[in-house]
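These notes are about the structure you will find just below.
The values are calculated or read from the model by the stated rules, or taken from the named source; none is laboratory data. None of these values were measured; they are calculated from a predicted model. Backbone-built Cβ (ideal geometry, glycine too); neighbour counts: all protein chains shown. Heads up: the accessible areas ignore ligands, DNA and RNA and are worked out on the full protein's heavy atoms, side chains in. Shrake-Rupley method; radii C 1.70, N 1.55, O 1.52, S 1.80 Å.
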Amino acid sequence: MKIWQKNIDVDSFVESFTVGNDRVMDLQLAAADVLGSLAHTRMLNSIALMTDEDLAVVQKELKNIYQEISAGKFEIEDSVEDVHSQVEMLLTQRIGEAGKKIHSGRSRNDQVLVDLKLYFRTEIQNMVGNTEVFFQQLISLSEQYKDVLIPGYTHLQIAMPSSFGLWFGAYAESLVDDLELMKAAWKVCNKNPLGSAAGYGSSFPLNRTMTTNLLGFDDLNYNVVYAQMGRGKTERILAQAMSSIAATLAKFAMDVTLYINQNFGFISFPAHLTTGSSIMPHKKNPDVFELIRSRCNKIQALPNEIALMTTNLPSGYHRDLQLLKENLFPAFKSLNDCLEIATFMLEHISVKKDVLDDPKYDYLFSVEVVNNEVLKGVPFREAYKNIGIAIDAGEFQPSKEVNHTHEGSIGNLGNDQIQRMFDEVKSAFGFEKVENALSQLVKS
């Protein structure tokens, strides 16, 4: 029997179709589901809907189930519809009637809403952690190779001098802005929908502020209809933040595949971190970065996928929303994998230190020569014209002294300020508050 089922058998074909992959997806929500029930039952006790005796046995067994989940010993049986049903069934089997009381004042609608938000908070913290490790690797390499020049390109044409310091540092700063979007997603995820029930509230005198505090949320989704409308919207906003990090990674991966190419030859990796060809013995292919590029491009499609799955749904709950898990949940692992392996690869990168000795890069310094003329008093447009004529006549002589001193330039990278910005954004998430609240909730 399903927890919603009366005395009517559900056709097995219909059941299989409607449940779909939900059991597999719901395993990832198991810990969050127990946390939500720990908070909800304490609230029920506070409004006299659960006795002290029932609360004690329910809390104890919920914490046992939480430990089983943490140890990887929890599963959702084939005969059970979802994680909520599995937890409630286990409680009832183990402690009897008290287990049947935990659903008072809530619906599976708000139960899955709070599960998702708790789960998303955990995943956001994981992604921020992996982003920080990647960020620090980029900053370290930027400082290590800040004096090594490489070509800068516009329109994929040789443009002006750049440096490895600028290149690595650019992607570090890009991650700062990506985290700004992730922080916005965190703020949306960190509002409590529990108590909105099926989307229209409850006639019980629920204390929603209490569960908000117990679960470490910053605030409530106050309007119960909007709490349910947040399903799909929350996923889309989170996917947009993930897409931003993925876009940075994909662009970086594209640069790497270019720069490792023999026609560029700016960087290399050990042979054991590249792949070969079945017929060409000289090949060292950047398969890792090609797969990062493709995985991250796939993640960039995620916000649109979610938008299309939720477009034109009226207010209220709809079963369509169940399928969002299948698109979003695997993306968490994929993005984290990309961040981790990109960091690992950068730990083994080699850079070429004499790239600009090749005469084909001489024209990179044309602007430097123009600027030198301007510093001598020649008007910029006249200096520009004179150097252009010299280039056309094959008489251009590069001046390879690069003296850039303003903020964020070759000689003044501003990595300390980029680090400051990253630290400020990260500290604004407030992970410690959540960790403290949840540790108190599961404490024996």
Next on the checklist: Could you go through region 343-366 and let me know if any residue there is buried (at least 17 other Cβ atoms within 10 Å of the Cβ), among the aliphatic types (A, V, I, L, M) and closer than 25 Å to residue 26 by Cβ.
Outcome noted: no
Next on the checklist: Between 267, 279, 260, which is buried (at least 17 other Cβ atoms within 10 Å of the Cβ), without any contact (Cβ under 8 Å) to a residue 60 or more places away in the chain and either more than 22 Å from the chain's Cα centre (by Cα) or under 28 Å from residue 153 (Cα atoms) (or both)?
Outcome noted: 260
Checklist entry - What number goes with the only condition from (1) at pLDDT below 95; (2) surrounded by 14 or more Cβ atoms within 10 Å (Cβ to Cβ) that residue 306 does not pass? => result (1)
Next on the checklist: If residue 195 meets every condition in (1) in contact with a strand residue (DSSP E or B) (Cβ under 9 Å, 6 or more places away or on another chain); (2) surrounded by fewer than 19 Cβ atoms within 10 Å (Cβ to Cβ); (3) in a loop (DSSP other than H, G, I, E, B) apart from one, which number is that one?
Outcome noted: (2)
Item to check | Filter pass, residue 117 being under 26 Å from residue 200 (Cβ atoms) and in contact with a strand residue (DSSP E or B) (Cβ under 8 Å, 6 or more places away or on another chain) | outcome: yes
Next on the checklist: Scan region 152-160 and tell me whether some residue there is assigned to a helix (DSSP H, G or I), more than 19 Å from residue 426 (Cα to Cα) and touching a helix residue (DSSP H, G or I) at 6+ places or on another chain (Cβ under 7 Å).
Outcome noted: no
Item to check | Residue among 378, 374, 370 that alone is out of contact with any Lys or Arg (no Cβ under 6 Å at 6 or more places or on another chain), part of a loop (DSSP other than H, G, I, E, B) and without any contact (Cβ under 8 Å) to a residue 60 or more places away in the chain | outcome: 378
Checklist entry - Right, residue 68: among the charged types (D, E, K, R), surrounded by fewer than 21 Cβ atoms within 10 Å (Cβ to Cβ) and assigned to a helix (DSSP H, G or I) or not? => result yes
Item to check | Matching option when the condition is surrounded by 23 or more Cβ atoms within 10 Å (Cβ to Cβ), closer than 30 Å to residue 35 by Cβ, under 24 Å from the mean Cα position of the chain (by Cα) and of a type in the set (Val, Ile, Thr), among 237, 245 | outcome: 245
Item to check | Subset of region 309-319 (residues that are open to solvent by 30 Å² or more (accessible area, probe 1.4 Å) and either modelled with pLDDT of 95 or more or under 25 Å from residue 81 (Cα atoms) (or both)) | outcome: 309, 313, 315, 317, 318, 319
Item to check | Residue satisfying all of: in region 32-65; of a type outside the set (A, V, I, L, M) and in contact with a Ser or Thr (Cβ under 7 Å, 6 or more places away or on another chain); least open to solvent (accessible area, probe 1.4 Å) among these | outcome: 40
Checklist entry - Failed condition for residue 161, given (1) touching a Pro at 6+ places or on another chain (Cβ under 9 Å); (2) crowded, with 18+ Cβ neighbours inside 10 Å; (3) closer than 29 Å to residue 339 by Cβ, with all others met? => result (3)
